[in-house]
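Here the structure comes first, spelled out in structure tokens, and everything after it is commentary.
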Amino acid sequence: MIQFAIVGAGAIAPVYAGAINMHKDARLTAVCDKNPQTGEEFRKQHSIPTFYTDYKEMLQDPSIDVICICTPSGLHADMAIQAIEAGKHVIIEKPIALTMEDADRVIAAADKYKVKAAVAFQKRYNRPILKMREKLENGSFGKMMHATTSVRWYRDQSYYDQDPWRGTALMDGGALMNQSIHNIDLLRWMMGPVRRVSGFTATRRHTMEMEDTGVAVLEFESGALGVIEGSTAIYPTDLEASLSLFGTSGTAIVGGKYLDEIKSWHFLHEDKASSEYTGQEGHYPIIDDMVQAFRDDRDPAISLQDGRNALEIILAIYESTKTGNSVHIK
């Protein structure tokens, strides 16, 4: 039985609690939150044995194997490093960090202390995304030509106003860093390393420090091209999240509101996709992969480097917006 703990009893924490409690070989043994009322309510709601207000105290609990870091994004790196140095394995809610320097510090700590560490890019486990990846790996697409990804969602002003850290550069980022990072991870996972990025961001609807809309054009090292579009300003509700791949012998578009439906599926001399490829699994596969990583004594499938790769693209878009120039990724 792998013992899990959650730090940060906010909006995403119940998703982790549900996934952990669903797994027959996982147990949620502790939660930590600096707000006593919030943490205690969460503990009771999810039948968790122990509640901490002091994160460092929780890290001394020898019964805990894995810490799920569900705090605001600006805290991810330092809290992950503290957990790693305490000998705990970690699942970091996206993003891994808000700067490349912090991402590299997390990676270096995990390497030094030999812990299992993952970033929660659970969209990789959506059924149509897995089928798309299968087609990519078996060569069904042929030579990749270009790919696009879009997040066309809506957040009202109250979403950003509910916590003072939301939409800030120091603690959160904007529509690209927060909502669109899953799609950006998938684009990078499917298409490989990025050579050059040109981007624009704007804040068109909300009162916030960071962007509510961003667009970018990418050149991949393969020579293929890519387009990113991400927004939380789409009236009046979440419209779609999509990923489209175009090759010389295959086209696939996964859409729906949450990357959970096949919209177009055409491959030379191959059958059409069926409805069985519709749906998403949530965070359960992230928890299951960590459990299996313990069982098989391997690294988690989604690595800290994967988290770094997605972060690098977003920060390149921010830099391109600031300078007005294309940004070359080393």
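The values are calculated or read from the model by the stated rules, or taken from the named source; none is laboratory data. Predicted model only: the values in this text are computed from it and were never measured. These accessible areas exclude ligands, DNA and RNA; they are computed on the full protein's heavy atoms, side chains included. Shrake-Rupley method; radii C 1.70, N 1.55, O 1.52, S 1.80 Å.
Before moving on, here are some points about what is shown:
- According to the calculation over all Cα-Cα pairs in region 219-330, the P(r) per 10 Å bin from zero is 10, 26, 36, 25, 3 %.
- On Cα atoms only, tilt of 36-45 relative to the major axis of the chain in degrees: 80 degrees
- Accessible-area composition of the chain, carbon plus sulfur, in percent [1.4 Å probe]: 50 percent
- For the chain, share of DSSP beta bridges that run antiparallel, in % to the nearest 5: 55 percent
- Cα-based convex hull volume of region 1-125 per residue, rounded to whole Å³: 102 Å³
- Legend: residues M1, M144, sorted from most to least accessible area (1.4 Å probe; ligands, DNA and RNA excluded), read M1, M144.
- Ranking R166, R27, R204, R152 by solvent-accessible area of protein heavy atoms (1.4 Å probe, all protein chains present), from largest to smallest, gives R204, R27, R152, R166.
- Over 23 Å (Cα to Cα) - which of K24/K44; K88/K112; K123/K257; K34/K112; K24/K263; K56/K116 fall in this group: K34/K112; K24/K263
- The share of C-alpha pairs in region 153-250 whose separation exceeds 20 Å stands at 41 percent.
- Heavy-atom accessible area ranking, 1.4 Å probe, most first, across Y235, Y55, Y16, Y159: Y235, Y159, Y55, Y16
- The heavy atoms of K94 present about 30 square angstrom of accessible area, all protein chains included, probe 1.4 Å.
- For region 1-69, the fraction of alpha-carbon pairs in successive 10 Å shells from zero, as %: 23, 62, 15
- Gaussian network model of the chain, springs between alpha carbon atoms under 10 Å - residue of D61, D289, D212 with greatest fluctuation: D61
- Principal-axis tilt of helix 127-137 within the chain, Cα atoms, nearest 10 degrees: 60 degrees
- Calculated translational diffusion coefficient of the chain (25 °C, 0.890 mPa s; Stokes-Einstein with Kirkwood radius over alpha-carbon pairs) equals 120 µm²/s.
- Divided by 2.2 N^0.38 Å, where N counts the residues, the Cα radius of gyration of region 213-277 comes to 1.32.
- The chain: angle of helix 181-191 to the longest principal axis, Cα-based, in degrees nearest 10: 50 degrees
- Cα convex hull of region 254-313, projected area averaged across orientations, nm²: 6.6 nm²
- Solvent-accessible heavy-atom area per residue, rounded to whole Å², over the chain at 1.4 Å: 44 Å²
- Fraction of beta bridges assigned by DSSP in region 122-233 that are antiparallel (%, nearest 5): 70 percent
- Kirkwood Rh in Å, taken over all unlike Cα pairs in region 63-159: 16.0 Å
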